[in-house]
1. Looking at (1) modelled with pLDDT under 95; (2) closer than 11 Å to residue B:89 by Cβ; (3) loosely packed, with under 15 Cβ neighbours inside 10 Å, find the lone condition where residue B:1 falls short.
2. If you check residue A:13 against the conditions, is it crowded, with 21+ Cβ neighbours inside 10 Å, assigned to a strand (DSSP E or B) and more than 14 Å from chain B (Cβ to nearest Cβ)?
3. Going through the stretch A:61-104 one residue at a time, which ones are over 14 Å from the mean Cα position of the chain (by Cα), surrounded by 21 or more Cβ atoms within 10 Å (Cβ to Cβ) and over 19 Å from residue B:98 (Cα atoms)?
4. Within the set of pairs 6 or more residues apart or between chains, which connect a residue that is within 10 Å of chain B (Cβ to nearest Cβ) inside the stretch A:21-33 to a residue that is at pLDDT below 85 and in a loop (DSSP other than H, G, I, E, B) with Cβ atoms less than 6 Å apart?
5. Identify, please: which residue in the stretch A:78-101 is more than 11 Å from chain B (Cβ to nearest Cβ) and in a loop (DSSP other than H, G, I, E, B) and is, among those, nearest to residue A:35 (Cα to Cα)?
6. If I go through the stretch A:34-60 residue by residue, how many of them are assigned to a strand (DSSP E or B), surrounded by 13 or more Cβ atoms within 10 Å (Cβ to Cβ) and more than 10 Å from every other protein chain (Cβ to nearest Cβ)?
7. Report yes if some residue within the stretch B:4-26 is free of Cβ contacts under 8 Å to residues at least 24 places away in the same chain and surrounded by 14 or more Cβ atoms within 10 Å (Cβ to Cβ); otherwise report no.
């Protein structure tokens, strides 16, 4: 079955709006990571966040282990935020979600 | 900063061709992985390794061989390439199964 569910599958924003991306996983975890995939394909690590909240500029990641979920918050979105956001969690294996495709319009 | 380097970045071959994708990491990580990414399927694990000489089967291993020659180097081999193997391939490394993943830039393979 699907180990990781990401939502929404796609999202369209106007520049300046905020976004909340969700990742729900089905088993206990050792780690949680968020990645940004550029339209050209390369993957950028955003957060390695097994638990709690981490901040990086306009991005915030929150992982709540007992609720088996992690979120990525993007504040004041910019057109350069457009792309695909992937979450991955691991217990003994690494499982990837299918991603959220974000489009930020000017 | 961790570094994972893949080559070639782009490759075109014909059906039945022989392809080797190379990956080198300079992080002294134990684990290395090969993934493929296709529209509608996300990232799927082909093979992985936890050290030189070790190989573990992933979720979509058919048609692929892999070899971990050193701590740094992990190769993916397609001995009889098929059009269904047209994909974007990523190599990654991590210290352990729960460690942070570091990805290479990706290798785009087209099999005609």
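1. (2)
2. No, not satisfied.
3. A:77
4. A:29/A:91; A:30/A:91; A:30/B:98; A:31/B:98
5. Filtering first and then ranking leaves A:82.
6. Summing the residues that are assigned to a strand (DSSP E or B), surrounded by 13 or more Cβ atoms within 10 Å (Cβ to Cβ) and more than 10 Å from every other protein chain (Cβ to nearest Cβ) in the stretch A:34-60 gives 7.
7. No, the stretch B:4-26 contains no residue that is free of Cβ contacts under 8 Å to residues at least 24 places away in the same chain and surrounded by 14 or more Cβ atoms within 10 Å (Cβ to Cβ).
Matching residues to (1) in contact with a helix residue (DSSP H, G or I) (Cβ under 7 Å, 6 or more places away or on another chain); (2) under 23 Å from residue B:18 (Cβ atoms); (3) surrounded by 15 or more Cβ atoms within 10 Å (Cβ to Cβ):
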site	(1), (2), (3)
B:43	no, no, yes
B:62	no, yes, no
B:67	no, yes, yes
B:78	yes, yes, yes
B:82	no, yes, no
B:96	no, no, no
B:99	no, no, yes
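The values are calculated or read from the model by the stated rules, or taken from the named source; none is laboratory data. Note that this is a predicted model, so its numbers are computed, not measured. Heads up, the Cβs are rebuilt from the backbone with ideal geometry, glycines too, and the neighbour counts pull from every protein chain shown.
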